[in-house]
Amino acid sequence: LDGKVIECDRLYEPTVSRKGREIDAWYSGKTHGFGGNIQALMDPRGVPRWVSDVLPGHVNDLAAARELVLAILWPYTEDMPI
């Protein structure tokens, strides 16, 4: 699993942060710029097996993975030994 913020031109879209402040949804603190967050599942050779839709740049990689990827992987983990 890997996440990447892709730089882009953007329109201003206000949203409220977890701290209750108004922020721009497409501003990424990780890259200090504007862009969209894309998540991808890769096989061991580095070939993409699944690519997410674009999320606003303010969404961090862990939150994006929880929202998009873990729900997909959950059915496959039931047969895995603990």
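The values are calculated or read from the model by the stated rules, or taken from the named source; none is laboratory data. All values reported here derive from a predicted model rather than from experimental measurement. Here Cβ is always computed from backbone atoms with ideal geometry, including for glycine, and neighbour counts include all displayed protein chains. These accessible areas exclude ligands, DNA and RNA; they are computed on the full protein's heavy atoms, side chains included. Shrake-Rupley method; radii C 1.70, N 1.55, O 1.52, S 1.80 Å.
So here's what we get for this one:
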{"item": "Pick from the range 59-71, criterion touching a strand residue (DSSP E or B) at 6+ places or on another chain (Cβ under 7 Å) and either open to solvent by 20 Å² or more (accessible area, probe 1.4 Å) or assigned to a loop (DSSP other than H, G, I, E, B) (or both), ranking: nearest to Asp2 (Cα to Cα)", "result": "Asp61"}
{"item": "Any hit, the range 23-30, residues being under 12 Å from Glu7 (Cα atoms), open to solvent by less than 60 Å² (accessible area, probe 1.4 Å) and at pLDDT 85 or above", "result": "yes"}
{"item": "Residues (part of a strand (DSSP E or B) and either open to solvent by less than 80 Å² (accessible area, probe 1.4 Å) or acidic (Asp, Glu) (or both)) located in the range 1-10", "result": "Asp2, Gly3, Val5, Ile6, Glu7"}
{"item": "Hits in the range 32-57 (condition: open to solvent by 70 Å² or more (accessible area, probe 1.4 Å) and in contact (Cβ under 8 Å) with a residue 24 or more places away in the chain)", "result": "Met42, Val54"}
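Results for (1) acidic (Asp, Glu); (2) under 8 Å from the mean Cα position of the chain (by Cα), shown as yes or no for each residue.
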| position | (1), (2) |
| --- | --- |
| Tyr12 | no, no |
| Glu22 | yes, no |
| Tyr27 | no, no |
| Lys30 | no, no |
| Met42 | no, no |
| Gly46 | no, no |
| Arg49 | no, no |
| Val54 | no, yes |
| Asp61 | yes, yes |
